[in-house]
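To start, the structure under review is shown below, and the notes come after it.
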Amino acid sequence: MFEITLVQVFDFIGTLAFAISGIRLASAKHFDLFGAYVVGVTTAIGGGTMRDVLLGQSPFWMSNSFYLICSAIALAWVIIFRKLLVRQNNTWFLFDTIGLALFTVTGVEKTITAGFPFWTAIIMGTLTGAGGGVLRDVFINEEPLIFRKEIYALACVLGGIAYFICARCGLSTVPSGIICGIVVFLMRILAVKYRLHLPTLKGEE
Amino acid sequence: MFEITLVQVFDFIGTLAFAISGIRLASAKHFDLFGAYVVGVTTAIGGGTMRDVLLGQSPFWMSNSFYLICSAIALAWVIIFRKLLVRQNNTWFLFDTIGLALFTVTGVEKTITAGFPFWTAIIMGTLTGAGGGVLRDVFINEEPLIFRKEIYALACVLGGIAYFICARCGLSTVPSGIICGIVVFLMRILAVKYRLHLPTLKGEE
Amino acid sequence: MFEITLVQVFDFIGTLAFAISGIRLASAKHFDLFGAYVVGVTTAIGGGTMRDVLLGQSPFWMSNSFYLICSAIALAWVIIFRKLLVRQNNTWFLFDTIGLALFTVTGVEKTITAGFPFWTAIIMGTLTGAGGGVLRDVFINEEPLIFRKEIYALACVLGGIAYFICARCGLSTVPSGIICGIVVFLMRILAVKYRLHLPTLKGEE
C-alpha cells in the first residue's frame with residue numbers, strides 16, 4: 001500500500017515538474033495560456049505517448065485523467081507563484097529529476113513486459129524520460145536542450161543498463177526498478193552539480 | 001442522402017482550406033512545389049492522422065485518396081490564383097473555419113465510438129481540428145501560430161464540451177455533432193471578429 | 001543467398017550514410033555526442049518508424065539491433081575520420097542514394113503486403129526514404145532541406161510509380177523492386193549532377 005502511494009507521489013511531482021518546465025519555456029516565448037498548457041502537457045506526457053505508440057499500446061493518459069489534471073495544476077502554479085518560481089528552482093530541479101528517474105523505470109518495465117529485448121527497453125526508458133523535453137523544444141522552436149547541456153538522457157541510459165544488470169543477477173522487478181531509478185537520479189544530480197558534459201564533436205575541416 | 005453530401009462538401013472545402021494555408025506558408029518560405037504539397041497535405045491530414053495513431057486505428061487517408069486529391073487541387077489553386085489569394089482571404093477564412101468545426105466533430109465522434117472517456121474525446125476533437133496547423137508550423141520552422149494568436153484550438157475544446165453537454169441531455173449523435181460544429185464555428189468567427197485573445201503569462205522576475 | 005547479402009550490404013551502407021548525415025549536421029550545431037547519436041539514429045530509422053506506426057506494425061528496429069549498431073559505427077566514423085569526411089563526400093552521396101533507393105523499395109513492398117492501395121504504397125515508400133531527413137531537420141531546428149534543394153523525395157515518388165507500372169505489367173516482386181530502386185537511384189544522381197530543382201511558388205501579391 002505504502003509502496004503504491006510512494007510511486008504515485010513521485011508520479012505526481014514528476015509530472016508537475018515536467019509540465020512546469022514546459023509552461024515556463026512557453027510563456028517565455030509569449031504563448032497564450034492555452035498554448036502554455038499544451039506545451040506543459042506535451043512535456044509531461046510526450047515521452048510516454050511516443051513509447052506507447054511505438055509499443056502499439058493505447059497511450060497511458062487516454063484512460064486516466066490524472067496527467068491532464070496535474071498539468072492544469074502546474075499551469076495554476078506558474079500563474080500564482082510566478083514571482084517565486086526562480087527561488088523554487090532547486091525544488092523543481094529535484095522534482096524534475098525524480099520524474100526523470102520514475103519515468104525511465106516505467107518505460108523500461110513496460111517494454112520488457114511487452115516482450116521486447118533489453119536494449120529496446122533501455123531506449124524506451126530513455127524515450128519516456130527524455131522524449132517529452134525534446135517535443136517541448138520542437139514546439140517552442142528551439143534546438144533540443146538535452147542534446148547540448150549537462151548529461152540528461154544519458155542518465156536514463158545508464159539507469160536502463162543498471163536495470164539490465166540487476167535482472168541478469170537475478171533480482172526481481174521491484175529492486176531492479178528501484179536501483180534503476182536511483183542510478184538515474186544520482187547521475188543527473190552529479191551531472192548538474194559538477195557540470196558534467198559529454199564532449200561535442202569538433203568541427204570538420 | 002442530402003446530409004451525407006453536405007458533410008462531404010464541408011469535408012472537401014475544409015480540407016482544401018487547410019491545405020491552402022499550408023501551401024501558402026510553405027511557399028512564403030521558398031519551399032519547392034513538392035515541399036509545398038507535403039506541407040499542404042500535412043496541414044490537412046496531420047491532425048486526423050495523429051488522432052488515428054493515438055486511437056490505434058489505421059489513418060483515415062490511407063484507404064481513401066480523397067484527401068490527397070483535395071490537397072493537389074489546393075496546390076493547383078494556389079498556382080493558378082496566386083495573385084487573387086489575398087482578395088479571397090475572407091472566403092478561405094470561412095472555409096478554414098468550416099473545416100475546423102467539421103474536423104472537431106469527426107474527432108470527438110470517432111473517439112467516443114472507440115470507447116474512450118469524454119474528456120479524451122474533447123482532446124481528440126481538438127487535436128483533429130488544430131493538430132495539422134501545429135505540424136505545419138513545425139515543418140516550416142515557426143513557433144505554432146495557434147498558441148499565440150486569436151482563439152483557435154480553444155474553440156474546438158468548447159465545441160467538444162458542447163457535444164458532451166448535448167449527449168448528457170440525451171441528444172443523439174447527429175444533433176450533438178451539429179451543435180458541437182456550430183459552437184466551434186461561431187467561437188472562431190467571434191474570436192477573429194473581436195480579436196479575442198487568451199492572456200499570455202507575464203514574465204518571471 | 002547472394003541476393004539477400006546484397007540487400008543487407010545496401011541496408012548497411014544506406015543506414016550508415018543516413019546516420020552520418022544526421023551526425024554531421026548535429027555536430028555543426030554543437031550537439032554533444034549523445035545528441036549527435038540520437039539525430040543520426042533518427043535520420044536512419046525515422047522514416048521507417050513513421051511508416052511502421054502508420055501501418056500499425058511494430059517498428060522494424062525494435063527487434064533488430066542492426067540499425068542502432070550501424071548508427072554507432074557511423075558516430076565512430078565521424079569521430080575518427082572527421083578531417084577526411086569532406087573528401088569522402090562523393091562516396092557518402094553515393095551510399096546515401098543507395099539507401100534512399102533501398103528504403104523506398106522496402107516501404108513500397110511492406111505497404112503492399114499490408115494490403116493498402118498502390119498510391120498509399122508510393123507515399124509510404126517516399127516516407128521511408130525521405131522521412132528520416134525531415135525529422136533530422138526538425139530536430140536540428142532547420143527548415144527541411146529536401147523541400148528546397150535538388151529533387152530528393154520526388155525520386156522516391158517516381159520509383160514508386162515505376163514499381164506500380166512493373167506490377168501492372170505482370171512483373172513479380174523482385175524485378176519490380178529492382179527497377180523501382182534503379183529509378184530512384186538514377187533520378188537522384190541525375191538531379192544532383194544537373195542540379196535539377198522543382199520550381200518554387202512565386203510570392204503572392
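The values are calculated or read from the model by the stated rules, or taken from the named source; none is laboratory data. Remember, it's a predicted structure, so these values are computed and weren't measured experimentally. Neighbour counts are summed over all protein chains in view; Cβ atoms, including those assigned to glycine, are modelled from backbone coordinates with ideal geometry.
Just so you know, in the stretch A:148-170 the residues that are more than 20 Å from C:Ser27 (Cα to Cα) and small (Gly, Ala, Ser) include one that is farthest from the other protein chains (Cβ to nearest Cβ), and it is A:Gly170.
Annotation: A:Thr173 fulfils all but one of (1) surrounded by 21 or more Cβ atoms within 10 Å (Cβ to Cβ); (2) away from chain C (no Cβ under 13 Å); the unmet one is (1). Checked against the criterion of being within 14 Å of chain B (Cβ to nearest Cβ) and more than 17 Å from the chain's Cα centre (by Cα), the candidates C:Leu145, C:Leu55 yield just one match: C:Leu55.
All conditions in (1) closer than 22 Å to B:Ile146 by Cβ; (2) away from chain B (no Cβ under 12 Å) hold for A:Phe31, with the sole exception of (2).
Within the stretch C:66-80, track down each residue that is facing chain A (nearest Cβ under 9 Å) and in contact with a helix residue (DSSP H, G or I) (Cβ under 6 Å, 6 or more places away or on another chain).
The first filter runs over the stretch C:66-80 and keeps only residues facing chain A (nearest Cβ under 9 Å), leaving C:68, C:75, C:78-79.
C:Leu75, C:Val78 - these are the residues of the stretch C:66-80 that are facing chain A (nearest Cβ under 9 Å) and in contact with a helix residue (DSSP H, G or I) (Cβ under 6 Å, 6 or more places away or on another chain).
Going through (1) surrounded by 20 or more Cβ atoms within 10 Å (Cβ to Cβ); (2) closer than 30 Å to A:Asn89 by Cα one by one, B:Gly159 falls short only on (2). The residue that is nearest to the chain's Cα centre (by Cα), counting only those in the stretch B:74-87 that are loosely packed, with under 14 Cβ neighbours inside 10 Å and either under 15 Å from B:Ala19 (Cα atoms) or at pLDDT 90 or above (or both), is B:Ala76.
Beta carbons closer than 9 Å, at least 6 apart along the sequence or on distinct chains, never pair a first residue in the stretch A:4-26 that is without any contact (Cβ under 8 Å) to a residue 24 or more places away in the chain and within 14 Å of chain B (Cβ to nearest Cβ) with a second that is among the aliphatic types (A, V, I, L, M) and in a helix (DSSP H, G or I). For B:Gly35, state whether it is out of contact with any strand residue (DSSP E or B) (no Cβ under 6 Å at 6 or more places or on another chain), without any contact (Cβ under 8 Å) to a residue 12 or more places away in the chain and surrounded by 24 or more Cβ atoms within 10 Å (Cβ to Cβ). Criteria met by B:Gly35.
The criterion of being within 11 Å of another protein chain (Cβ to nearest Cβ), part of a helix (DSSP H, G or I), closer than 21 Å to C:Met62 by Cβ and among the hydroxyl-bearing types (Ser, Thr, Tyr) holds for A:Thr111.
So, C:Phe116, is that one without any contact (Cβ under 8 Å) to a residue 40 or more places away in the chain, within 14 Å of chain B (Cβ to nearest Cβ) and more than 11 Å from the chain's Cα centre (by Cα) or not? So C:Phe116 fails the test.
Of C:Gly131, C:Gly125, C:Gly99, all but one fail to be away from chain B (no Cβ under 14 Å) and part of a helix (DSSP H, G or I); the exception is C:Gly99. Here A:Phe93 meets the list (1) within 13 Å of the chain's Cα centre (by Cα); (2) at pLDDT 95 or above almost entirely, failing just condition (2). Out of (1) within 16 Å of the chain's Cα centre (by Cα); (2) crowded, with 21+ Cβ neighbours inside 10 Å; (3) of a type outside the set (S, T, N, Q), what's the single condition that is false for C:Met62? Looking at each condition in turn, C:Met62 falls short on (1). Scan the stretch B:179-205 for residues that are in contact with a helix residue (DSSP H, G or I) (Cβ under 8 Å, 6 or more places away or on another chain) and either surrounded by 15 or more Cβ atoms within 10 Å (Cβ to Cβ) or more than 11 Å from chain A (Cβ to nearest Cβ) (or both) and the total you get is 15.
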